[in-house]
1. Restricting to the range 9-63, count the residues that are under 22 Å from Lys118 (Cα atoms), among the basic types (Lys, Arg) and touching a residue at least 60 places away in the same chain (Cβ under 8 Å).
2. Any residue at all in the range 19-38 that is within 12 Å of the chain's Cα centre (by Cα) and open to solvent by 40 Å² or more (accessible area, probe 1.4 Å)?
3. Does Ala43 satisfy the criteria of being out of contact with any strand residue (DSSP E or B) (no Cβ under 8 Å at 6 or more places or on another chain) and closer than 13 Å to Gly108 by Cα?
Amino acid sequence: MLRDEGYRITVKLKVNGEEKMVDIRTADTLLYVLREKLGLTGAKPGCLNGDCGACTVGINQRPMKSCLMLAAEAEEKEIMTIEGLKSSPMQKAFIEHFAFQCGYCTSGFIMNAHLLSKRHPSGSDDIIKEWLASNICRCTGYKEIEDAVKSVLHFSERE
C-alpha cells in the first residue's frame, strides 16, 4: 500500500488472477472499487449493508460481501469476481436449472455456491441451506437455486 496525501492511497489488488494498482480513498468499499474503478460490474449493489448478498465475491476462496469490506483490506488477498469464473460448472447449473429470474442477485448466489462447491464438494442439504441463507432473492423461489447447487455437488447420484 502506497500512502498519498490526505485520504487517498494506492493499493495493489489481485483480482481474478491479475494484479491491479488502484488509486482509492481509504473509505472506498471493495464493491465500489470493483465496479467503479475496475469496471467489474458483476457484483451488484443491493442493500449496501450486508444483508442481501448481491455483492458477494470470493476473498481467499471464502465468500465475502464486498459492500462490507474496505478495498484497502483486500490488498494481499486473492479476489475472485463472477467475471473470473468463466463458465464454471455452477454457472452452467444455474442456467440448466433456471435458477434465476431478473438476474440481479444471480452473480452473488453463483459466487457463494461456487465457493461452497470448493469447500464442501459433497455438502449436505443443511450445509447448502446454511450457505444459501446469506443471499436473498426477491423474484424466484429457492428450489431452482438449490437444485442447481445440488447438481454440481452430485446430489442426483445419491437420491
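The values are calculated or read from the model by the stated rules, or taken from the named source; none is laboratory data. The structure presented is a predicted model; accordingly, all values stated were derived computationally and were not measured. Quick reminder, even Gly has a Cβ in these numbers, built from the backbone with ideal geometry, and neighbours come from all protein chains shown. Heads up: the accessible areas ignore ligands, DNA and RNA and are worked out on the full protein's heavy atoms, side chains in. Shrake-Rupley method; radii C 1.70, N 1.55, O 1.52, S 1.80 Å.
1. Within the range 9-63, residues that are under 22 Å from Lys118 (Cα atoms), among the basic types (Lys, Arg) and touching a residue at least 60 places away in the same chain (Cβ under 8 Å) number 1.
2. The answer is no; no qualifying residue exists.
3. no
Residues are listed down the side, and each one gets a yes or a no for (1) in contact with a Leu (Cβ under 7 Å, 6 or more places away or on another chain); (2) open to solvent by 70 Å² or more (accessible area, probe 1.4 Å); (3) under 26 Å from Val33 (Cα atoms); (4) small (Gly, Ala, Ser):
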| site | (1), (2), (3), (4) |
| --- | --- |
| Ile82 | no, no, yes, no |
| Gln91 | yes, no, yes, no |
| Cys105 | no, no, yes, no |
| Lys129 | no, yes, no, no |
| Gly141 | no, no, no, yes |
| His154 | no, yes, no, no |
